[in-house]
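These notes concern the structure reproduced below.
The values are calculated or read from the model by the stated rules, or taken from the named source; none is laboratory data. As the structure is a computational prediction, the values presented were derived from the model and not from experiment. Ideal geometry is used to build each Cβ from the backbone, glycine not excepted, and the neighbour counts take in all protein chains shown.
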Amino acid sequence: MSLSVKQRGVVRDFFQVISTRTEDIGADALSRLVAVYPQTKSYFSHWSSTAPGSAPVRKHGQTIMTGVVDAVSKLDNLKDGLLSLSELHAFMLRVDPVNFKLLGHCMLVCMSMYYPEEFTPKVHIAVDKFLNQLALALSDKYR
Amino acid sequence: MVEWTDDERSIINGIFANLDYDEVGRKALCRCLIVYPWTQRYFGGFGNLYNAQTIMANPLIAKHGTTILHGLDRALKNMDNIKETYSELSMLHSEKLHVDPDNFRLLADCMTVVIAAKLGSAFSIDTQAAWQKFLSVVVSALGRQYH
């Protein structure tokens with residue numbers, strides 16, 4: 001389910017629109033992940049708090065979102081562009097890839113909340129495909 | 001059996017109390033058919049689904065969106081017994097309609113996105129958690145009678 005040329009344009013344009021709020025979206029999305037899917041907290045047991053909205057959760061959500069925004073600039077070759085991040089997740093973090101889908105869903109919910117007019121079905125499908133491709137590239141080195 | 005806190009019951013009842021069934025039902029089903037196009041396989045008799053515009057203008061799809069959302073009413077009124085409440089509907093979807101139960105999850109995700117757009121910041125973290133818990137129980141109940 002790769003992105004057409006048109007859909008890549010849709011993704012780039014939408015991320016331009018949301019550029020001022022990506023930090024909020026990231027922080028909010030990770031908070032929602034641990035609230036809606038509590039099993040995901042298992043990856044963060046070393047933090048002082050894994051509560052939704054807490055400082056470590058929000059900060060890490062922003063970190064992740066920065067990575068997502070960066071991936072938009074590497075849209076034409078995610079596999080090569082995300083090589084080192086893939087190695088990090090494969091050999092060090094070892095996050096089960098099913099969780100990428102769950103976080104992706106929470107990001108889509110935040111985008112829909114913050115940008116109800118702009119997050120049309122056309123944008124939704126393009127961004128969903130992009131997040132899926134991102135997840136695939138991220139799990140490339142797993143095995 | 002599923003345990004519901006008072007807060008969760010209140011949140012879910014609150015969402016339904018202020019819901020425009022026609023609008024949300026139509027938008028959620030359209031979004032599902034557009035974002036996950038393979039779901040269109042179940043709607044062969046529904047007329048023109050050629051592209052996003054025709055899907056969103058299709059009156060049969062709009063009507064069916066409303067039907068689906070009213071189907072959730074049953075779960076709302078029987079929150080402590082959703083599994084039994086949906087036993088027949090589950091058999092219908094399995095034996096007669098032959099719907100892959102993974103599609104229930106896809107539609108539920110689209111409903112969440114549509115409700116999020118409608119409620120904006122009112123779709124708090126706790127609200128999303130309660131809402132998705134409710135939908136996951138419904139989705140599970142609908143898939144229960146498959147064999």
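Can you spot a residue in region B:22-38 that is touching a helix residue (DSSP H, G or I) at 6+ places or on another chain (Cβ under 7 Å), aromatic (Phe, Trp, Tyr), touching a residue at least 12 places away in the same chain (Cβ under 8 Å) and assigned to a helix (DSSP H, G or I)?
Of region B:22-38, the ones touching a helix residue (DSSP H, G or I) at 6+ places or on another chain (Cβ under 7 Å) are B:22, B:24-36.
Then drop every residue that is not aromatic (Phe, Trp, Tyr), which leaves B:36.
From the residues that got through so far, the ones that are touching a residue at least 12 places away in the same chain (Cβ under 8 Å) too are B:36.
With assigned to a helix (DSSP H, G or I) added as a condition, the list becomes none.
No: zero hits.
With the requirement that a residue be touching a Phe, Trp or Tyr at 6+ places or on another chain (Cβ under 9 Å), facing chain A (nearest Cβ under 9 Å) and surrounded by fewer than 19 Cβ atoms within 10 Å (Cβ to Cβ), what does region B:94-147 give you?
B:GLY120, B:SER121, B:LYS133
Considering only region B:95-112, state which residues are among the hydroxyl-bearing types (Ser, Thr, Tyr) and over 25 Å from A:LYS101 (Cβ atoms). Spell out how you get there, then give the answer.
Filtering region B:95-112 for residues among the hydroxyl-bearing types (Ser, Thr, Tyr) gives B:112.
Selection gives nothing.
Considering each residue of region A:72-109, count those that are at pLDDT below 95, of a type in the set (Val, Ile, Thr) and surrounded by 14 or more Cβ atoms within 10 Å (Cβ to Cβ), and give that number.
Count: 1.
If you scan region A:1-24, which residues turn out to be surrounded by fewer than 12 Cβ atoms within 10 Å (Cβ to Cβ) and either assigned to a loop (DSSP other than H, G, I, E, B) or more than 17 Å from the chain's Cα centre (by Cα) (or both)? Talk me through it step by step, then tell me what you get.
Just the residues of region A:1-24 that are surrounded by fewer than 12 Cβ atoms within 10 Å (Cβ to Cβ), to begin with: A:1-2, A:4-6, A:16, A:19-20.
Passing the criteria: A:MET1, A:SER2, A:SER4, A:VAL5, A:LYS6.
May I ask you to list pairs of residues, at least six apart or on different chains, whose Cβ atoms are under 6 Å apart, with the first in region A:93-122 being at the interface with another protein chain (Cβ under 7 Å from one of its Cβ atoms) and the second being assigned to a loop (DSSP other than H, G, I, E, B)?
A:SER112/A:PHE119; A:MET113/B:PHE123
Which is over 14 Å from the mean Cα position of the chain (by Cα) and in contact (Cβ under 8 Å) with a residue 40 or more places away in the chain, of B:ASN48, B:ASN13, B:ASN58?
Details: B:ASN48 fails: in contact (Cβ under 8 Å) with a residue 40 or more places away in the chain; B:ASN58 fails: in contact (Cβ under 8 Å) with a residue 40 or more places away in the chain.
On inspection, the qualifying residue turns out to be B:ASN13.
Mind checking which residues of region A:81-101 are closer than 20 Å to A:PHE15 by Cα and part of a helix (DSSP H, G or I)? Lay out the reasoning, then the answer.
Residues of region A:81-101 that are closer than 20 Å to A:PHE15 by Cα, as a first pass: A:81-82, A:100-101.
Listed by number, the residues that qualify are A:GLY81, A:PHE100, A:LYS101.
State the number of residues belonging to region B:20-42 that are modelled with pLDDT of 95 or more and over 19 Å from A:ASP128 (Cα atoms).
Going through region B:20-42 one residue at a time, the tally reaches 7.
Which residues, counting only those in region A:17-38, are within 13 Å of B:ALA129 (Cα to Cα) and either out of contact with any Cys (no Cβ under 8 Å at 6 or more places or on another chain) or more than 14 Å from chain B (Cβ to nearest Cβ) (or both)?
Result: A:SER31, A:VAL34, A:ALA35, A:TYR37, A:PRO38.
Could you list, in sequence order, all residues of region A:39-80 that are more than 14 Å from every other protein chain (Cβ to nearest Cβ), in a helix (DSSP H, G or I) and of a type in the set (Gly, Ala, Ser)?
Step one: of region A:39-80, the residues more than 14 Å from every other protein chain (Cβ to nearest Cβ) are A:42-49, A:55-56, A:59-60, A:62-80.
Subset that is in a helix (DSSP H, G or I): A:42-44, A:55-56, A:59-60, A:62-72, A:75-80.
Hits for region A:39-80 are A:SER42, A:ALA55, A:GLY67, A:ALA71.
Residue-wise test of (1) modelled with pLDDT of 95 or more; (2) β-branched (Val, Ile, Thr); (3) out of contact with any His (no Cβ under 6 Å at 6 or more places or on another chain); (4) not in a helix (DSSP H, G or I).
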| position | (1), (2), (3), (4) |
| --- | --- |
| B:HIS98 | no, no, yes, yes |
| B:ASN103 | no, no, yes, no |
| B:CYS110 | yes, no, yes, no |
| B:ALA116 | yes, no, yes, no |
| B:SER121 | yes, no, yes, no |
| B:THR127 | yes, yes, yes, no |
| B:PHE134 | yes, no, yes, no |
| B:VAL139 | yes, yes, yes, no |
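Quick check, is B:ILE61 buried (at least 21 other Cβ atoms within 10 Å of the Cβ), over 17 Å from B:ARG9 (Cβ atoms), of a type in the set (A, V, I, L, M, F, W, C) and within 14 Å of chain A (Cβ to nearest Cβ)? First the steps, then the outcome.
On the way: buried (at least 21 other Cβ atoms within 10 Å of the Cβ): yes; over 17 Å from B:ARG9 (Cβ atoms): yes; of a type in the set (A, V, I, L, M, F, W, C): yes; within 14 Å of chain A (Cβ to nearest Cβ): yes.
For B:ILE61, the condition - buried (at least 21 other Cβ atoms within 10 Å of the Cβ), over 17 Å from B:ARG9 (Cβ atoms), of a type in the set (A, V, I, L, M, F, W, C) and within 14 Å of chain A (Cβ to nearest Cβ) - is met.
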